[in-house]
1. Restricting to region 225-244, what's the tally of residues that are surrounded by fewer than 19 Cβ atoms within 10 Å (Cβ to Cβ) and part of a helix (DSSP H, G or I)?
2. One residue is enough: does region 191-212 have a residue meeting the conditions in contact with a strand residue (DSSP E or B) (Cβ under 8 Å, 6 or more places away or on another chain), assigned to a loop (DSSP other than H, G, I, E, B), under 20 Å from D305 (Cβ atoms) and of a type in the set (V, I, T)?
3. Only one of (1) farther than 23 Å from H353 by Cα; (2) touching a Leu at 6+ places or on another chain (Cβ under 8 Å) fails for A432. Which number is that?
4. Of everything in region 135-186 that's of a type in the set (V, I, T) and under 41 Å from the mean Cα position of the chain (by Cα), which residue is farthest from F30 (Cα to Cα)?
5. Go through region 65-112 and give me each residue that's surrounded by 14 or more Cβ atoms within 10 Å (Cβ to Cβ) and touching a helix residue (DSSP H, G or I) at 6+ places or on another chain (Cβ under 8 Å).
6. Which of the residues spanning region 379-389 are surrounded by fewer than 24 Cβ atoms within 10 Å (Cβ to Cβ) and of a type outside the set (D, E, K, R)?
7. Answer yes if at least one residue in region 515-536 is at pLDDT below 85 and closer than 30 Å to R611 by Cβ, and no otherwise.
Amino acid sequence: MTEDFLLELRSEEIPARMQEKARADLAALFEARLNALNLPFESIESYATPRRLALIVRGVAEMTAAASEERKGPRADAPAQAIEGFLRSTGLTREQLVERDDGKGNKVLFAVIDRPGIVAGSVLASAISHVITAFPWPKSMRWGAASETTESLRWVRPLQGIIALLGDKLVPVEVAGVKSASVTVGHRFHHPGGITIGSAADYIEKLRACHVIVDGAERRAIIAVGAKLAAQKAGLTLIEDEGLLFENAGLTEWPMPLLGRFDEAFLDVPPEVIQLTARVNQKYFVCRDSAGKLANAFVCVANIDAADGGEKIVEGNQKVLAARLSDARFFYETDLKTRLEDLTPKLEKIVFHEKLGTVADKVARVGMAAHSLMGHVIAPEDDALSAEAAQAAALSKADLVTGMVGEFPELQGLMGSYYAGAQGASANVALAIRDQYKPAGQSDALPEGPVAVAVSIADKLDSIASFFLAGMPPSGSRDPFALRRAALGVIRMIIANNLRFSVSALAGNCAESLVLQLASGERDVHAAAEALRGSSPPLTGHGARLDALLAGVNAKQGGYLASFEELRGAVRDFFADRLKVQQKEAGVRHDLIDAVFALGGEDDLVRLLARVKALQSFVTSEDGRNLLAGYKRAANILKKESWAPGEVADNEIYEAEPAEAALREALDAAEPKAEAAVEAEDYEAAMAALASLRAPIDTFFDDVTVVDPDEFKREMRLGLLARIRDAVNNVADFSKIEG
């Protein structure tokens with residue numbers, strides 16, 4: 001026979017953000033404990049409301065299964081002290097031990113301990129105590145007189161009651177002075193009195209009758225449907241927000257969505273500000289009108305079924321929101337009075353990182369990189385766009401010192417865009433300021449327009465280059481500066497916009513700018529470059545003088561890389577790794593990316609991916625698989641023979657075998673075709689040229705003895721294998737390809 005078990009842990013209000021995890025933790029901890037104590041059960045379901053965590057364990061067995069444990073002890077002729085110690089550890093007498101032969105002529109003592117089954121109530125009581133004391137709250141507290149000692153119980157908020165019922169019988173348990181009972185409380189306002197619970201079977205419905213909906217998913221559904229209907233009734237569309245849905249469900253036990261209004265005059269404030277004010281400060285949903293614009297309406301979620309239909313509640317919430325929106329409008333209007341360019345000097349007082357200078361320093365580097373990227377890659381010879389990229393970069397961080405972003409950091413970039421537009425900046429500049437942080441994730445939208453792309457790539461590459469140069473790359477699971485996400489964003493933008501440039505070269509340029517700033521004390525990168533090395537165009541190489549400057553910076557602060565070449569190599573490797581992650585979802589094999597990167601110096605990602613995709617198509621074909629097998633056979637023979645090219649005597653008379661001559665002719669034809677195709681970036685044609693080698697290579701290995709006793713023949717044939725290897729490796733390093 002089995003019964004259901006009910007546990008409720010009632011406390012003062014649990015923060016909404018903690019409830020879902022706490023509900024899952026309660027079920028996981030209890031399940032693990034019952035399994036450890038060998039008490040069979042069928043399933044566990046858990047619930048959370050603002051004032052309680054609860055779980056129901058279905059189909060609990062009457063008792064644990066009886067078990068027998070066997071322990072090996074000392075030999076029968078062991079010293080008395082050893083035997084007595086073993087007896088104490090088992091709780092048995094000498095007569096209860098069993099002697100057995102160990103196969104070597106020795107008698108060894110064994111203890112056979114029969115453990116009877118334990119009744120479910122005792123096991124459940126033990127599990128309750130364990131789970132309460134071991135519960136992993138992210139933040140917890142002690143309370144009352146017991147809190148004078150650190151050994152007292154910690155809970156998220158003071159624990160007030162425990163219900164523990166197996167079937168209709170109470171499971172006695174006491175934790176920190178709180179004893180289990182069968183009584184709980186209903187809704188704080190609708191039913192503050194006690195409720196007697198008979199069993200798990202009537203728990204949910206008895207609480208529902210007392211205005212408490214135990215299931216968080218049900219509360220979320222009520223809020224979602226109710227909020228939509230309230231908006232539709234007013235001719236509006238609710239702006240859905242899953243995070244807000246969970247939060248409101250965590251704040252209410254009897255949710256009642258209500259529609260309210262605010263003054264239309266507030267709609268002059270940017271809609272994102274209104275939405276964030278309503279969401280963050282008040283936990284309100286907002287609505288759109290029929291034209292898709294933000295409406296002067298909101299949906300709040302009350303925790304009470306008011307007699308007046310919620311009129312007073314709505315009225316109170318409208319007043320509170322009006323005050324919040326008045327503050328937001330004040331920030332907005334005040335910020336507009338100061339031009340963004342006049343705010344940029346304040347960035348000199350904001351430290352970007354102690355080893356990387358200020359935000360103003362970073363802005364200068366990003367401006368140089370964005371101008372270079374626009375003028376050399378995205379829109380060559382378009383001076384107007386290059387100037388806009390530089391202007392957008394210069395203004396990009398100015399909104400960090402505005403009142404609005406100080407109140408809502410989530411709006412950085414967006415508010416700068418609004419302010420720039422209002423102050424006469426071009427649409428390209430405003431878009432670039434708005435989109436500088438995009439994409440923030442794999443599913444986030446990409447920046448709009450060439451200027452925005454230039455600024456976003458420059459900003460992200462500068463961060464990657466700067467932290468790498470300062471010896472702070474991502475390590476293991478740690479990535480405190482979100483450099484992996486930045487690299488994935490750069491890759492997405494490069495691919496989407498078909499941008500052709502060397503990632504490591506631009507990163508090296510950013511790192512060079514950083515060192516020039518640190519070494520010269522000048523923020524203006526061009527001025528520092530003029531003073532220290534003379535003028536040079538962007539995206540150029542780095543010489544010994546700059547490495548010497550880097551060494552000087554290292555001597556003062558320490559921790560930086562030793563050279564710019566090391567920096568560029570580290571960035572190349574980093575992007576290779578990120579590219580493998582990014583392309584995995586597209587079905588591109590990581591070993592093929594390795595094969596192309598192994599050629600060295602290749603980090604034009606557009607060209608690289610074109611080569612990789614052509615390679616993947618080729619190696620999955622029959623010709624490709626056979627050529628790969630022939631290549632690996634040739635490479636293995638060359639490795640085994642430790643072959644290196646040498647001189648061949650002119651007086652040797654050598655008549656090549658037919659298969660040997662055919663392979664040489666095939667190589668003579670295929671090599672120049674493949675090289676020309678690679679040069680023209682026609683990788684499909686390069687693969688097709690290599691495919692022509694398949695049959696001659698197969699015939700060569702079938703008909704010719706490569707490692708011939710004749711030294712001259714052996715050298716000539718090994719030379720042919722080397723030509724095969726080199727011809728194939730001109731397209732990709734086939735040794736990196738699996739299979």
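1. Qualifying residue count, region 225-244: 8.
2. Yes; the residues of region 191-212 include at least one that is in contact with a strand residue (DSSP E or B) (Cβ under 8 Å, 6 or more places away or on another chain), assigned to a loop (DSSP other than H, G, I, E, B), under 20 Å from D305 (Cβ atoms) and of a type in the set (V, I, T).
3. (2)
4. The qualifying residue farthest from F30 (Cα to Cα) is T149.
5. Across region 65-112, the qualifying residues are R71, G73, P74, I83, L87, L97, L109, A111.
6. Of the residues in region 379-389, the ones surrounded by fewer than 24 Cβ atoms within 10 Å (Cβ to Cβ) are 379-387.
Correct list: A379, P380, A384, L385, S386, A387.
7. no
Here's the yes/no breakdown for (1) under 22 Å from Q423 (Cα atoms); (2) over 30 Å from the mean Cα position of the chain (by Cα); (3) not in a helix (DSSP H, G or I):
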site: N317; (1), (2), (3): no, yes, no
site: A322; (1), (2), (3): no, yes, no
site: R329; (1), (2), (3): yes, yes, no
site: E333; (1), (2), (3): yes, yes, no
site: G367; (1), (2), (3): yes, no, no
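The values are calculated or read from the model by the stated rules, or taken from the named source; none is laboratory data. Everything numeric in this text was worked out from a predicted model, so none of it was measured. Every residue, glycine as well, gets a Cβ built from its backbone with ideal geometry; the counts of neighbours run over all protein chains shown.
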